[in-house]
1. Quick one: Glu109 ticks every box in (1) surrounded by 15 or more Cβ atoms within 10 Å (Cβ to Cβ); (2) of a type outside the set (Val, Ile, Thr); (3) closer than 19 Å to Tyr46 by Cα bar one, so which box is it?
2. Residues that are of a type in the set (A, V, I, L, M) and within 18 Å of Gly110 (Cα to Cα): list the strands (runs of 3 or more DSSP E) wholly contained in the range 1-73 that include at least 1 such residues.
3. Name, by its number, the condition in (1) within 15 Å of Met1 (Cβ to Cβ); (2) touching a residue at least 12 places away in the same chain (Cβ under 8 Å) that does not hold for Leu119.
4. Take the conditions modelled with pLDDT of 95 or more and in contact with a Lys or Arg (Cβ under 6 Å, 6 or more places away or on another chain) and apply them to Asn127. Does it pass?
5. From the list Ser13, Ser31, exactly one residue is among the hydroxyl-bearing types (Ser, Thr, Tyr) and surrounded by fewer than 13 Cβ atoms within 10 Å (Cβ to Cβ). Which is it?
6. Report every pair of residues separated by at least 6 positions or lying on different chains whose Cβ atoms are under 9 Å apart, first residue within the range 6-25 and free of Cβ contacts under 8 Å to residues at least 24 places away in the same chain, second assigned to a loop (DSSP other than H, G, I, E, B) and surrounded by 12 or more Cβ atoms within 10 Å (Cβ to Cβ).
7. For the range 96-106, name all the residues that are touching a residue at least 40 places away in the same chain (Cβ under 8 Å) and surrounded by fewer than 19 Cβ atoms within 10 Å (Cβ to Cβ).
8. What residue, among those in the range 2-32 that are small (Gly, Ala, Ser) and closer than 14 Å to Cys61 by Cα, is modelled with the highest pLDDT?
Amino acid sequence: MTSYKKIDLLDISLSNDYTIKNKKGILEIKSPIIMYKIDNCNLVLYINKHSGAHNLFLNICSYIDRLFKMQDIQCNNITNNTITVNVTPVSKFYDKNNKLLNIKDVQREGKIICSFVCLNGIFELKNFLLIN
């Protein structure tokens, strides 16, 4: 897992199997503290336009979107200052005490830190940690 703060855009590439990689392998991006809403099987992250950390995070995600679009791969991860991340069966959810939760027990909106990978133009959630 790599913090958004430590990602160098020059190290990001799209592999032949359509995964986003950095120097170390598949890139798993760790978000800043961010507001979210769970909508069906999607996690919607809300960008605060007045936050430098959020703007940096959005720029990295937008760059990744552009890499896929240059290869004519459909990407709809970013719209109107939101980033959509797909919740998968292997996504892990943790409460504020780092205890594993079932997605059914997670609040529908709040504040989190999360990590995700990008495969075939889709951001896929790996970890979800609730913040108070």
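1. Against the list (1) surrounded by 15 or more Cβ atoms within 10 Å (Cβ to Cβ); (2) of a type outside the set (Val, Ile, Thr); (3) closer than 19 Å to Tyr46 by Cα, Glu109 comes up short only on (1).
2. Counting at least 1 such residues, we get 34-39, 42-46.
3. (1)
4. So Asn127 fits the description; yes.
5. Testing whether each residue is among the hydroxyl-bearing types (Ser, Thr, Tyr) and surrounded by fewer than 13 Cβ atoms within 10 Å (Cβ to Cβ) leaves just Ser13.
6. Asp11/Leu27; Asp17/Asn120; Lys21/Ile12; Lys21/Leu27; Asn22/Ile7; Asn22/Ile12
7. Matches in the range 96-106: Ile103 only.
8. The extreme case among them is Ser31.
The values are calculated or read from the model by the stated rules, or taken from the named source; none is laboratory data. Owing to the predicted nature of the structure, the values given are computational and were not obtained by experimental measurement. Neighbour counts run over all protein chains shown; Cβ positions are idealised from the backbone, glycine included.
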